[in-house]
């Protein structure tokens, strides 16, 4: 009789534990699924109508040409920036003035793309092409002046200089563009709210070039088991970035897929390839590929 009572109590305890475990697993699954950006959001009917109209108006040949020709300006810029000959680093800052001119032009292209993206998302924010070009050249020039002085006072080339130069450039860009658009923002509070929302998503875009190189630096500094364990941080960073973008793009489901793909997925792929090139063992390589 006592044995039966003990057995019954044990079974009840087991059932309670299993029920709690199942409840915990369901909550954990629900939480995990809520973090999967791919399972959230939807396209609007208007977007499908626009896609249908576009597919009816544009021929297949034009779409193929657009797909093939769109990357050419970026490829041409990447090739042209490698054409000017550079002197050895021992020549110092003044001897490598070509390096800074080249970096200034590239920085201006990058800086000019930011207000273009903002304007595409907020069409009511009007900015002329001369304004965008002038501000981009000014911001790139001030950024190069900053990095040049820093290199002259310390060492050339400056470690992580490509990343650090983005801070003064973006500060100058933001200040100039806000001053130029001040009359529009003062008269339209809704426009200012839209701009702040776009800038919030831009912060993620500008943060990834800082975060990923620091991760690669930590990754290559380790070896063996430490490197394998450090790989786990990579998908966590990707998940965090995707949810950050998803949060800042709340209510704009139509542009979420391309923004997340081109901002998060592309950066992640680039730095995964860099991590694969610097793995110290087959286990690290397999872990990097498996985590992705």
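For this structure, a couple of remarks:
- Test: residue 66 is within 28 Å of residue 261 (Cα to Cα), at pLDDT 80 or above, assigned to a helix (DSSP H, G or I) and assigned by TED's automatic domain parsing to the domain that holds residue 113: no
- Qualifying residue in the stretch 43-54 (condition: outside the structural domain of residue 141 (by TED's automatic domain parsing), touching a helix residue (DSSP H, G or I) at 6+ places or on another chain (Cβ under 6 Å), surrounded by 10 or more Cβ atoms within 10 Å (Cβ to Cβ) and assigned to a helix (DSSP H, G or I)): no
The values are calculated or read from the model by the stated rules, or taken from the named source; none is laboratory data. Remember, predicted model here, so these are calculated numbers, not experimental data. Glycine also receives a Cβ, built like all others from the backbone with ideal geometry; neighbour counts cover every protein chain displayed.
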